[in-house]
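Q: Here it is: the structure, laid out below.
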Amino acid sequence: MAKLSWEVVAARRSPRCLRDLSSQKVIATLTTAVDLASPKALVQQCQAIRTMLPIEVRTCVVEETVTLHPLADTQHTLAHLLLLQLLSGSLHLTLLPSINIYLSQEFMDPVLDEIGSIMRFPLTSLHINNNVKLDPGILAELIHRSPSLIDLHVAGEEVALEVLGYLKKNQLGLQSLHLDSCNVTDLDVVEGLVMGYSTALHHPWANLSSLGTSTATDKENAAGGEGGREGETSNSTAGTSWPPLCHLSIQSPRVTLCGAVVLLHLLRNLKSLNYSYWNSSLHNLFFYLHQKSSHAVPFHLTSLSLWKATDRALDSLALCPQLQHLMMEYTDPSLTSLSPLSLLPHLTSLALRLVPENLVKSAIAEVGSKLLSLDVEFEEYTRTLISWTTIQTINSQCTKLQHLELKHLNISADPDIINVTLLTRQKSKQHAFFPEVTQLRLIGVVIQAKYLERLLNHNSCLEMLVLDVNNDDALTDQAVSKLIKNNTFNNLSYVYLSGGLLSLESLVTLLALPSIERIALHLPSFPLLSRSGFHKLQCQLSCGNYQCILEDTDQDDQ
């Protein structure tokens, strides 16, 4: 039976539904209105979509209009995009110009006039970057009129102080706060975020020397105090009596470990805390508390980064039993095992950067069976050697793994398996590697073609595949042929290839995959692919309404 060509087999785009066509028409109309000199047409369009479209639909339409707008780098355009998002009743407000823009009174007055009668915005998120300059008081007024706001992300010293000043006087149910590129102090942050701050100043928690004692007392009160129940977990301390803030990020050179201590104890719902210049000393704080009292109330952090971890630092992680994601960068030379990780029952994501291979194996042995995500990274220009046995260990131990990223390493053969028998090779080729993985990223990896073939074997769940590997022999026509033969890529939608000796014929075989939507490659690194042939294939895919998009790009752009 003759093999069908890719043009026949490749999936084509489904006809666009009426809703999508209507949305595109509305987006085009809004884009035109944004560009007009007068805001009159934009006001009319906003009133129309606010009346006719449900809030979720109009939010999507407005978001796409803002995202796709070709130029947002003028005062006029930025003011109109701000007006669009406020007047339409969108759930999200985003202003991210690429250059500094000051929205002066000349451009803000028309906006303020139009929104003057609206006392309440339905905003749930607000993100304005450091390039937007607003007159004092405007941002605070927008926040004041947005009582449903739960996600706030702003940048700049004056803006950060304005936000913290507002929060100090007004309770707002924020769940996520990011203050970037600012110069705020610990006192600014704590005053702004901790409810009842005047009381907290006299609370034992605010005294570093009594942290262990006070946390132990709190646990006793939570478990056996008035109205308490014996055996109640420490989660009982994180409830409605604490501010609801879960995610906090402060980028300021003036914040310190002392501020982090106060925040961790007074914001008991915190799950992630990025507080500039404090992470390196974090284990000292945890160790101190752990040493002070073995019954200290644990923190509720779910995400944490450790730099140059020691045995003491790992042992102190017992104070963070809810950890789900842990990133470790460097380790102390004295560290020989990562066995304390086994005490983290909820750990499902692990990132190991510049961690020796023996400790990678140790981590896998302790928590591999629970991991859903694993990243292993070394120095970019070193290409650290890592044995194929380690890859096999990851495969055998991490049975639930869904995301795997290997970065800047050299996967080498082990001396004891170089002379394997033909039977062993055949068995290994039939063995499925990472059958549950949906995202596999090999970035800056040196790997022999035979090991790449074994690694990509029966990956039935794969949805994303990034192969930024050595270009000489790893990605060839034969390798791609075996790749397709040894796998059933029914779910694979995205492929990135960094370079190799591929012909156009091999490339088009990927287009026949049933779910493929995007193939990206770095064309200069494929000497056998002509630019004219590549562009012709791109046009063929576009004109034929095929599902897949072919791109010439670099891994850094992904």
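Q: For the condition crowded, with 17+ Cβ neighbours inside 10 Å, closer than 19 Å to LEU371 by Cα and touching a residue at least 24 places away in the same chain (Cβ under 8 Å), what is the one hit in LEU326, LEU335, LEU343? I'd like the intermediate steps shown before the answer.
A: Numbers: LEU335 fails: closer than 19 Å to LEU371 by Cα; LEU343 fails: crowded, with 17+ Cβ neighbours inside 10 Å.
Every option except LEU326 fails the conditions.
Q: Just give me the residues in the stretch 432-449 being farther than 25 Å from SER525 by Cβ and not β-branched (Val, Ile, Thr), in sequence order.
A: ALA432, PHE433, PHE434, PRO435, GLU436
Q: May I ask you to verify whether LEU541 is part of a helix (DSSP H, G or I) and either over 22 Å from LEU462 (Cα atoms) or in contact with a Gly (Cβ under 6 Å, 6 or more places away or on another chain) (or both)? Full working, then the answer.
A: Working: part of a helix (DSSP H, G or I): yes; either over 22 Å from LEU462 (Cα atoms) or in contact with a Gly (Cβ under 6 Å, 6 or more places away or on another chain) (or both): yes.
So LEU541 passes the test.
Q: Hey, another quick one. So, GLU551, is that one of a type in the set (Asp, Glu) and under 25 Å from LYS485 (Cβ atoms) or not?
A: On the way: of a type in the set (Asp, Glu): yes; under 25 Å from LYS485 (Cβ atoms): no.
Spelling it out, it is not the case that GLU551 is of a type in the set (Asp, Glu) and under 25 Å from LYS485 (Cβ atoms).
Q: Within the stretch 43-56, take every residue that is farther than 9 Å from VAL26 by Cβ and of a type in the set (Val, Ile, Thr) and give me the one that is modelled with the lowest pLDDT.
A: Among them, the one singled out is THR51.
Q: Wholly within the stretch 335-420, which strands (runs of 3 or more DSSP E) include no fewer than the required count, namely at least 3 residues that are within 25 Å of the chain's Cα centre (by Cα) and under 26 Å from THR302 (Cβ atoms)? Can you show your working first?
A: Values: elements: 349-353, 373-377, 384-387, 403-407, 409-412.
Because the criterion is at least 3 residues that are within 25 Å of the chain's Cα centre (by Cα) and under 26 Å from THR302 (Cβ atoms), the strands (runs of 3 or more DSSP E) in the stretch 335-420 that meet it are 349-353, 373-377, 403-407.
Q: For the stretch 463-511, how many residues are crowded, with 18+ Cβ neighbours inside 10 Å, over 30 Å from the mean Cα position of the chain (by Cα) and among the acidic types (Asp, Glu)?
A: 0
Q: Let me ask something additional. Checking the condition buried (at least 19 other Cβ atoms within 10 Å of the Cβ) and of a type in the set (Ser, Thr, Tyr), which residue from SER146, SER117 passes? First the steps, then the outcome.
A: On the way: SER117 fails: buried (at least 19 other Cβ atoms within 10 Å of the Cβ).
The conditions single out SER146.
Q: With the requirement that a residue be more than 23 Å from MET108 (Cβ to Cβ), touching a strand residue (DSSP E or B) at 6+ places or on another chain (Cβ under 8 Å) and part of a helix (DSSP H, G or I), what does the stretch 6-63 give you?
A: THR59
Q: Does LEU323 fit the bill of being farther than 26 Å from SER387 by Cβ, in contact with a Ser or Thr (Cβ under 9 Å, 6 or more places away or on another chain) and part of a loop (DSSP other than H, G, I, E, B)? Give the derivation first.
A: Details: farther than 26 Å from SER387 by Cβ: yes; in contact with a Ser or Thr (Cβ under 9 Å, 6 or more places away or on another chain): yes; part of a loop (DSSP other than H, G, I, E, B): yes.
Yes.
Q: Any chance you could count how many residues in the stretch 14-44 are closer than 30 Å to SER515 by Cα, free of Cβ contacts under 8 Å to residues at least 40 places away in the same chain and of a type outside the set (Gly, Ala, Ser)? Can you show your working first?
A: Start the filter on the stretch 14-44 by keeping residues that are closer than 30 Å to SER515 by Cα, which leaves 14-28.
Imposing the further condition that a residue be free of Cβ contacts under 8 Å to residues at least 40 places away in the same chain reduces the set to 14-22, 24-26, 28.
Next cut, of a type outside the set (Gly, Ala, Ser) only: 15-21, 24-26.
Adding up the residues that qualify gives 10.
The values are calculated or read from the model by the stated rules, or taken from the named source; none is laboratory data. What you are looking at is a predicted structure, and each value in this text was computed from that prediction instead of being measured. Using ideal geometry, Cβ is built from the backbone for each residue, glycine included, and neighbour counts are taken over all protein chains shown.
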